[in-house]
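The structure appears right after this line, and notes come after that.
The values are calculated or read from the model by the stated rules, or taken from the named source; none is laboratory data. Values in this document were obtained by computation on a predicted structure and should not be read as measured data. Note that each Cβ is placed from the backbone with ideal geometry, even for glycine, and that neighbours are counted across all protein chains shown.
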Amino acid sequence: MAITTITDSYLRQKLGHPSVAQEIIDNLNLIDEGAATMDSIVATTTPFTIIGQNADVGGAIIVAAGSSTGSNVGGSLAIVGGAGIDGDGGAVTIGGGVSSGALRGPVILGSAALTPIFYPQAAPATDGADTPFTATVAQLVAGMISMTPTTGRSITTPTGAAMDAGVAFTSIPAAFGFDFTIQNRAAFAATDDIITLVAGATGATVTGSATVSPGSAARFRAVRTATATWIFYKIAG
C-alpha cells in the first residue's frame, strides 16, 4: 500500500500547508518505492510541525540517515538552523517532552557505544599577558581566554547590553546561557598571581567565588536572566 493513503489527510490537516504536505507525501512515496534519494522539503515563513501519533503511549519519531554496505561510510544527518543574510541565523532547539506529573524527558547525546561528542572550538583569544582587560563577547563565546599575571589581575565581563548585542537571542528565552574557560598561565608556585572575574558596568553580575589560581583553569557559566541582564557563575575549578 502506498504511503500516501496513510499520510495524505493527516499531513494536510496537521501541517496546514497543502504544498508542504504534498512534498512530504511525494518524498515518502519515493522511499516507499525504493528510490535512493529524496527531494528537499521547503517550508514557508509559517512553521510546520510533524507530530507523533497521540495515544496511551505517545508515538515516537525517528530521523535516521541511511546505512551503508561493505566498507562504505554511513549517511550523515545534519539538523541546521536557517542562514541569516542581514539578520541572525535561525536557532536549533532540542528539548525533552514536558510532563504534568512526572519527570521531563531527557536529552540524550551519544549512544551506549560511547560515541564521542564533538564541539566547535574557535581559536582561543590571544593571551592577555599581565594586563587587566575587558573580555569581548566573541572571546567568551569562543570558549577560552587566558592571562599570565605576575600579581593579582582581573578580567572584566562585557555589560549586559553588550552581551545581548553579541549573542543571537531572537529565538532563545531567558534562563539560557553558555560556558567558557579562563586559564591562568602563571606558574603554579606563584600563589599571589590570581585572576579574578569581575562584572561589567551595568547588567552583569558575578556571583560567588570568581578566582582562578595560578597554574590552573576555571569554568564559568554566563546566564541571561532578562533583557540586557546576565549572571556569571563559577561552576568548576
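Quick check: anything in the range 212-231 more than 22 Å from ALA138 (Cβ to Cβ) and within 24 Å of the chain's Cα centre (by Cα)?
Here is the first cut: in the range 212-231, the ones more than 22 Å from ALA138 (Cβ to Cβ) are 213-216, 226.
Next, from what is left, pick out any that are within 24 Å of the chain's Cα centre (by Cα): 226.
Yes; the residues of the range 212-231 include at least one that is more than 22 Å from ALA138 (Cβ to Cβ) and within 24 Å of the chain's Cα centre (by Cα).
Looking at this structure, is SER68 surrounded by 10 or more Cβ atoms within 10 Å (Cβ to Cβ) and at pLDDT 80 or above? Here the answer is yes, as SER68 does meet what is asked. Pairs meeting the criteria (first residue in the range 68-91 and free of Cβ contacts under 8 Å to residues at least 24 places away in the same chain, second residue surrounded by fewer than 10 Cβ atoms within 10 Å (Cβ to Cβ), beta carbons under 6 Å, at least 6 apart or on different chains) are GLY74/SER67.
For the range 181-197, the candidate set comprises residues that are under 25 Å from ALA123 (Cβ atoms), among the hydrophobic types (A, V, I, L, M, F, W, C) and touching a strand residue (DSSP E or B) at 6+ places or on another chain (Cβ under 6 Å); within that set, the residue that is surrounded by the fewest Cβ atoms within 10 Å (Cβ to Cβ) is LEU197.
Checked against the criterion of being assigned to a loop (DSSP other than H, G, I, E, B) and touching a Gly at 6+ places or on another chain (Cβ under 7 Å), the candidates GLY97, GLY87 yield just one match: GLY97. In the condition set (1) under 21 Å from VAL223 (Cα atoms); (2) acidic (Asp, Glu); (3) more than 22 Å from the chain's Cα centre (by Cα), ASP164 is compliant with all but (3).
Candidates ARG104, ARG153: the one that is under 21 Å from PHE232 (Cα atoms), surrounded by 10 or more Cβ atoms within 10 Å (Cβ to Cβ) and among the basic types (Lys, Arg) is ARG153. Within the range 212-237, the set of residues being assigned to a strand (DSSP E or B), of a type in the set (Ser, Thr, Tyr) and within 16 Å of GLY166 (Cα to Cα) comprises THR225, THR229. Is it true that ALA228 is of a type in the set (A, V, I, L, M) and touching an Asp or Glu at 6+ places or on another chain (Cβ under 7 Å)? It is true that ALA228 is of a type in the set (A, V, I, L, M) and touching an Asp or Glu at 6+ places or on another chain (Cβ under 7 Å). Among the residues of the range 201-232, those that are closer than 21 Å to GLY128 by Cβ and touching a Gly at 6+ places or on another chain (Cβ under 7 Å) comprise ALA204, VAL212, SER216, ALA217, ALA218, ARG219, ARG221, ALA222, TRP230.
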